[in-house]
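Report on one structure; see the data block that follows.
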């Protein structure tokens, strides 16, 4: 009897895990999640852009912290650009779903530029950091130019 009880528990557990894996988030929830990540990216990139433009004093500690946050955030929003979200009201242009290879390339470029920023932020080289902040800004802008509605 004990063996069959364990079998039942294992079978139920596996069924629950499989069910959870198959369950998908609602399109509206995916849009909210990707928007939340983008808001956080803006929060942590804004001060860096200000430093690179000379509008705020350079602070290596803030650069290192924000670059680490951005390095992680840069990998988060992309799976929420699911085709199921294309009809949900957002700032994403139809090109996100019509030109997926180009969109994925732009996302990858942003991830790479932010990772480079994270790496260079640890060097302490202010000029290299400011140059890389500019490269991140260009990657953000290129994606927004092609894939985001103008506001």
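Structure notes:
- Checked against (1) surrounded by 15 or more Cβ atoms within 10 Å (Cβ to Cβ); (2) in contact with a helix residue (DSSP H, G or I) (Cβ under 6 Å, 6 or more places away or on another chain), residue 83 passes all but a single condition, namely (1).
- When restricted to residues that are touching a residue at least 40 places away in the same chain (Cβ under 8 Å) and surrounded by fewer than 17 Cβ atoms within 10 Å (Cβ to Cβ), the stretch 65-75 contains 1.
- Among the residues of the stretch 139-151, just one is in a helix (DSSP H, G or I), loosely packed, with under 13 Cβ neighbours inside 10 Å and more than 15 Å from the chain's Cα centre (by Cα), namely 145.
- Residue 98 without any contact (Cβ under 8 Å) to a residue 24 or more places away in the chain and either over 16 Å from residue 31 (Cβ atoms) or surrounded by 14 or more Cβ atoms within 10 Å (Cβ to Cβ) (or both): yes
- Residue in the stretch 120-136 that is under 16 Å from the mean Cα position of the chain (by Cα), surrounded by 13 or more Cβ atoms within 10 Å (Cβ to Cβ), under 17 Å from residue 38 (Cβ atoms) and modelled with pLDDT of 95 or more present: yes
- Test: residue in the stretch 14-23 that is modelled with pLDDT of 95 or more and either in contact with a strand residue (DSSP E or B) (Cβ under 7 Å, 6 or more places away or on another chain) or over 29 Å from residue 133 (Cβ atoms) (or both): no
Listed here are the residues, each with its yes/no results for (1) touching a residue at least 40 places away in the same chain (Cβ under 8 Å); (2) touching a strand residue (DSSP E or B) at 6+ places or on another chain (Cβ under 6 Å); (3) within 25 Å of residue 30 (Cα to Cα).
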{"site": "106", "(1), (2), (3)": "yes, no, yes"}
{"site": "121", "(1), (2), (3)": "yes, no, no"}
{"site": "126", "(1), (2), (3)": "yes, no, no"}
{"site": "135", "(1), (2), (3)": "no, no, no"}
{"site": "144", "(1), (2), (3)": "no, no, yes"}
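The values are calculated or read from the model by the stated rules, or taken from the named source; none is laboratory data. Note that this is a predicted model, so its numbers are computed, not measured. With ideal geometry, Cβ positions are generated from the backbone for all residues, glycine too; neighbour counts draw on all protein chains shown.
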